[in-house]
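Sending over a structure as structure tokens; questions will come in a sec.
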Amino acid sequence: MPIFRYLLGINAVILNLFVASCTNSDVNSRKWEADASKNVAEQLKHTDDYDERINNIFAYIRKAGFAIQTDNCHKIYILQPNLCNVCSEETVKSILDSARSLNTSLVFILGDENKELEKQIRTTNINAKVFVDTSNLLEQHNLFFLKNLFIVTCANKVNFWAFK
Amino acid sequence: MTMAMRVRSFFTTIFPIVFLALFFFSCKQAKRKLMFNITQDSLLIDHGFFSKFFNVSTVSGSSQFQGFSASTNELLLLNLDTRKEQFRSRLDFLLKDSTIGGLFQFYIHNPDSIFFLTENCLLLTDRLGTIKYRRNTKQAIKDADGGEVYLMDVSNQFPLFFDAARNELYMHIMCNCGIEDSAFYTKRVEAKLDLASGAISILNYHFPERYRHTFYGQNVFPFRVVNGPFNVISFESDDSLHVFNRDNNSLKKYPCRSSYQNLDFIPFDPSFYHSNHRIDRLNQHMTVSPIYKKILFDPYRKVYYRFFLREMPLKNDRGTYNSLLKKEVIVMVLDSNFNILAEKNIGTSYMPYYSFVTRKGLYVGTVPKKNENSNYAYFSVFTWN
């Protein structure tokens with residue numbers, strides 16, 4: 001039959017089509033991944049949005065149901081007690097020492113339960129309220145950082161903030 | 001040509017072609033189908049011993065937990081199969097001593113031969129801390145490429161390895177320069193100390209080539225496991241495995257990309273590295289990046305486990321930042337030739353840092369739940385068939 005004459009050529013074409021389809025899909029896929037990676041790298045260059053995030057403190061306090069009158073003035077520490085090196089003995093001591101000298105209403109919000117730290121705060125002669133973010137609302141309000149945060153508020157406004 | 005010859009020609013031509021076509025048609029390496037089984041286990045270990053310094057080694061077929069408690073200055077050796085303490089002893093010397101310096105890593109070869117790598121020295125002691133060997137490590141070592149490196153480690157993911165037969169200790173080396181410095185990546189990664197002669201030689205392999213051209217932020221560190229003559233190194237922003245053969249001083253790379261990786265590795269803008277909010281920027285970069293982490297060898301099943309943290313979007317649907325602590329953890333199972341046998345997405349509740357292998361399987365630490373007894377460390381144990 002005449003087809004036998006062309007069989008080898010037909011098979012070679014079929015084989016090349018399979019090989020080409022496989023390598024082509026790999027190349028397309030890798031190109032997409034590289035482009036997507038560049039897009040993400042650009043997203044990471046966004047401008048600082050800390051002021052906007054820290055302004056969420058009032059919505060956070062309301063949602064968490066903490067007994068804090070945000071109409072008044074407060075000095076609020078948001079501590080991350082269970083993150084490595086963020087709440088070391090030294091850091092905590094430094095924070096409590098500086099907190100002792102503050103005259104306005106002090107609030108400590110712990111990102112995680114930590115009985116030792118709670119006890120330490122309460123026994124340091126500081127007249128402070130202590131709350132724990134048991135429902136992970138800090139993250140939901142963009143208030144989760146890998147550092148401790150200090151916020152001064154008065155009449156529902158943030159007057160000052162700093163990482164500690 | 002007779003009909004018989006034509007038929008013979010047809011089959012001898014077409015079968016190899018069809019076979020090859022089917023082979024390429026699959027487009028991917030064939031994987032054995034492995035089913036994971038998960039059980040739970042817990043270890044009653046004093047919290048202080050489950051610090052960043054812990055090791056798990058396999059000795060005479062048994063898995064041993066090695067812990068050091070900085071608060072009590074004690075060493076613990078615990079047989080994980082029998083759950084019996086082999087010893088627990090307080091060291092005579094203090095690792096906070098200024099002449100010794102802070103601890104980088106330790107390794108218990110046996111109760112009378114314990115290695116400590118500190119900021120200032122390498123010590124070999126017995127279980128009480130009686131020093132049998134001391135070598136100053138404050139001086140830089142000349143890298144074969146002319147640079148300076150130090151015997152040091154920052155994360156204990158590149159464990160000390162002691163080749164007892166040759167009396168050689170293998171250690172991580174680093175330059176005393178920042179990771180944002182491109183010189184960091186021109187250096188070698190591992191050195192060996194001949195304990196008899198004191199000679200240090202540097203193994204002939206480097207960071208991945210891509211690191212020299214692109215800065216990957218905090219996602220640059222190596223993880224190493226040893227199996228026989230092979231030092232197997234996994235780098236955070238490289239999908240290949242780098243395998244150094246100590247017997248013939250050669251390096252071979254094996255492709256080992258997770259099928260869950262859908263993004264190329266993401267560069268970190270160096271200008272943010274020196275900004276006031278560097279930590280947050282690095283945190284966000286780690287959150288969105290695909291990252292390869294720890295690699296372990298399972299001597300009982302003769303496979304490797306490689307952890308991969310999957311990329312995720314910068315923000316979720318609610319517009320809030322995703323958390324680095326919620327990245328999906330993928331376990332890759334590799335055979336002894338580094339072919340991927342299986343992969344399993346184990347979810348977001350695991351801590352690959354606290355992973356090790358015992359006869360029972362791959363132990364992976366779970367994120368502590370509220371109301372769990374804090375005297376215990378909790379794990380999921382993965383096996384497969």
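The values are calculated or read from the model by the stated rules, or taken from the named source; none is laboratory data. Remember, predicted model here, so these are calculated numbers, not experimental data. Cβ placement follows ideal geometry from the backbone for every residue including glycine, while neighbour counts extend to all protein chains displayed.
Name the residue that is nearest to B:Asn262 (Cα to Cα), counting only residues in the stretch A:31-50 that are in contact with a Leu (Cβ under 6 Å, 6 or more places away or on another chain) and of a type outside the set (Gly, Ala, Ser). Full working, then the answer.
Initially, the stretch A:31-50 is screened for residues in contact with a Leu (Cβ under 6 Å, 6 or more places away or on another chain), giving A:33, A:36-37, A:43.
Narrowing further to those that are of a type outside the set (Gly, Ala, Ser): A:33, A:43.
Numbers: A:Glu33: 6, A:Gln43: 17 Å.
By that ranking, first place goes to A:Glu33.
Let me ask something else. Can you find, within the stretch B:343-371, the residue that is nearest to B:Gln66 (Cα to Cα) among those that are hydrophobic (A, V, I, L, M, F, W, C) and modelled with pLDDT under 95? I'd like the intermediate steps shown before the answer.
Step one: list which residues in the stretch B:343-371 are hydrophobic (A, V, I, L, M, F, W, C), which gives B:346, B:351, B:356-357, B:362, B:364, B:367.
When the remaining residues are screened for being modelled with pLDDT under 95, the result is B:351, B:367.
Numbers: B:Met351: 18, B:Val367: 21 Å.
Selected residue: B:Met351.
Right, next: Test B:Tyr354 against the criterion of being more than 19 Å from B:Pro290 (Cβ to Cβ), in contact (Cβ under 8 Å) with a residue 40 or more places away in the chain and either in contact with a Ser or Thr (Cβ under 6 Å, 6 or more places away or on another chain) or assigned to a loop (DSSP other than H, G, I, E, B) (or both), and give yes or no.
On the way: more than 19 Å from B:Pro290 (Cβ to Cβ): yes; in contact (Cβ under 8 Å) with a residue 40 or more places away in the chain: yes; either in contact with a Ser or Thr (Cβ under 6 Å, 6 or more places away or on another chain) or assigned to a loop (DSSP other than H, G, I, E, B) (or both): no.
Answer is no for this residue.
Could you run through the stretch B:324-342 and say how many residues are out of contact with any Leu (no Cβ under 8 Å at 6 or more places or on another chain) and surrounded by fewer than 18 Cβ atoms within 10 Å (Cβ to Cβ)?
5
Assess whether B:Arg301 counts as being among the charged types (D, E, K, R), surrounded by 20 or more Cβ atoms within 10 Å (Cβ to Cβ) and over 30 Å from A:Leu137 (Cα atoms). Full working, then the answer.
Values: among the charged types (D, E, K, R): yes; surrounded by 20 or more Cβ atoms within 10 Å (Cβ to Cβ): no; over 30 Å from A:Leu137 (Cα atoms): yes.
Taking the combined requirement at face value, the residue does not satisfy it.
On to the next question. Residues to consider are B:Phe25, B:Phe53, B:Phe36; find the one that is away from every other protein chain (no Cβ under 12 Å) and at pLDDT below 85. Break it down stepwise before answering.
Values: B:Phe25 fails: away from every other protein chain (no Cβ under 12 Å); B:Phe53 fails: at pLDDT below 85.
Step by step, each of B:Phe25, B:Phe53, B:Phe36 is checked, and only B:Phe36 is away from every other protein chain (no Cβ under 12 Å) and at pLDDT below 85.
Grab the strands (runs of 3 or more DSSP E) fully contained in the stretch B:42-158, keeping just those with 1 or more residues being closer than 30 Å to A:Leu83 by Cβ and touching a Leu at 6+ places or on another chain (Cβ under 8 Å).
Values: elements: B:55-59, B:62-69, B:74-79, B:84-90, B:103-110, B:113-118, B:121-125, B:131-136, B:148-151.
Strands (runs of 3 or more DSSP E) meeting the threshold: B:55-59, B:62-69, B:74-79, B:84-90, B:103-110, B:113-118, B:148-151.
If you don't mind, another one. Can you name the residue in the stretch B:283-319 that is among the aliphatic types (A, V, I, L, M) and more than 9 Å from chain A (Cβ to nearest Cβ) and, of all such residues, is farthest from B:Glu236 (Cα to Cα)? Quick ask: steps written out before the conclusion?
Restricting attention to the stretch B:283-319, the residues satisfying the condition of being among the aliphatic types (A, V, I, L, M) are B:286, B:288, B:291, B:295-296, B:303, B:309, B:312, B:314.
Within this subset, residues satisfying the condition of being more than 9 Å from chain A (Cβ to nearest Cβ) are B:286, B:291, B:295-296, B:303, B:309, B:312.
Working: B:Met286: 11, B:Ile291: 5, B:Ile295: 11, B:Leu296: 14, B:Val303: 20, B:Leu309: 10, B:Met312: 16 Å.
Within the stretch B:283-319, the match that is farthest from B:Glu236 (Cα to Cα) is B:Val303.
Among the residues of the stretch B:164-178, how many are crowded, with 20+ Cβ neighbours inside 10 Å and either acidic (Asp, Glu) or over 30 Å from B:Asn110 (Cβ atoms) (or both)?
Selection size over the stretch B:164-178: 1.
Still on this structure: Can you pull out every residue in the stretch B:98-125 that is surrounded by fewer than 18 Cβ atoms within 10 Å (Cβ to Cβ) and under 21 Å from B:Asn156 (Cα atoms)? Please lay out each step first, then the result.
Filtering the stretch B:98-125 down to residues surrounded by fewer than 18 Cβ atoms within 10 Å (Cβ to Cβ) leaves B:98-99, B:101-102, B:109-113, B:119-120.
Within the stretch B:98-125, B:Gly101, B:Gly102, B:His109, B:Asn110, B:Pro111, B:Ser113, B:Glu119, B:Asn120 meet the criteria.
Follow-up. For A:Ile61, all conditions in the list (1) surrounded by 11 or more Cβ atoms within 10 Å (Cβ to Cβ); (2) within 30 Å of B:Asn373 (Cβ to Cβ) hold save one; what is the number of the exception?
Going through (1) surrounded by 11 or more Cβ atoms within 10 Å (Cβ to Cβ); (2) within 30 Å of B:Asn373 (Cβ to Cβ) one by one, A:Ile61 breaks only (2).
Looking at the stretch B:316-330, can you tell me whether even one residue there is among the acidic types (Asp, Glu) and over 17 Å from A:Leu44 (Cβ atoms)? Step through it out loud before you land on a result.
Going through the stretch B:316-330, the residues among the acidic types (Asp, Glu) turn out to be B:317, B:328.
Cutting the leftovers down to over 17 Å from A:Leu44 (Cβ atoms) gives us B:317, B:328.
Yes, the stretch B:316-330 has at least one match.
Provide a single number: the residues in the stretch B:208-263 that are small (Gly, Ala, Ser), surrounded by fewer than 16 Cβ atoms within 10 Å (Cβ to Cβ) and within 17 Å of the chain's Cα centre (by Cα). Explain how you work it out, then say what you get.
The first filter runs over the stretch B:208-263 and keeps only residues small (Gly, Ala, Ser), leaving B:217, B:228, B:234, B:237, B:240, B:250, B:258-259.
This time we only want the ones that are surrounded by fewer than 16 Cβ atoms within 10 Å (Cβ to Cβ), so: B:228, B:250, B:259.
Right, trim to within 17 Å of the chain's Cα centre (by Cα) and you get B:228.
Final tally of qualifying residues: 1.
Could you list, in sequence order, the residues of the stretch B:360-380 that are surrounded by fewer than 19 Cβ atoms within 10 Å (Cβ to Cβ) and aliphatic (A, V, I, L, M)?
B:Val367, the sole residue that qualifies.
Tally the residues that are assigned to a strand (DSSP E or B) and either under 18 Å from B:Asn136 (Cβ atoms) or polar (S, T, N, Q) (or both), restricting the search to the stretch B:182-201. Explain how you work it out, then say what you get.
Step one: filter the stretch B:182-201 for residues assigned to a strand (DSSP E or B), giving B:188, B:190-194, B:200-201.
Remaining after also requiring either under 18 Å from B:Asn136 (Cβ atoms) or polar (S, T, N, Q) (or both): B:191-194, B:200-201.
Going through the stretch B:182-201 one residue at a time, the tally reaches 6.
Among the residues of the stretch A:1-48, which ones are modelled with pLDDT of 65 or more, more than 19 Å from B:Ile266 (Cα to Cα) and either within 7 Å of chain B (Cβ to nearest Cβ) or in a loop (DSSP other than H, G, I, E, B) (or both)?
A:Tyr6, A:Leu7, A:Leu8, A:Asn11, A:Ile14, A:Leu15, A:Ser25, A:Asp48, listed by residue number.
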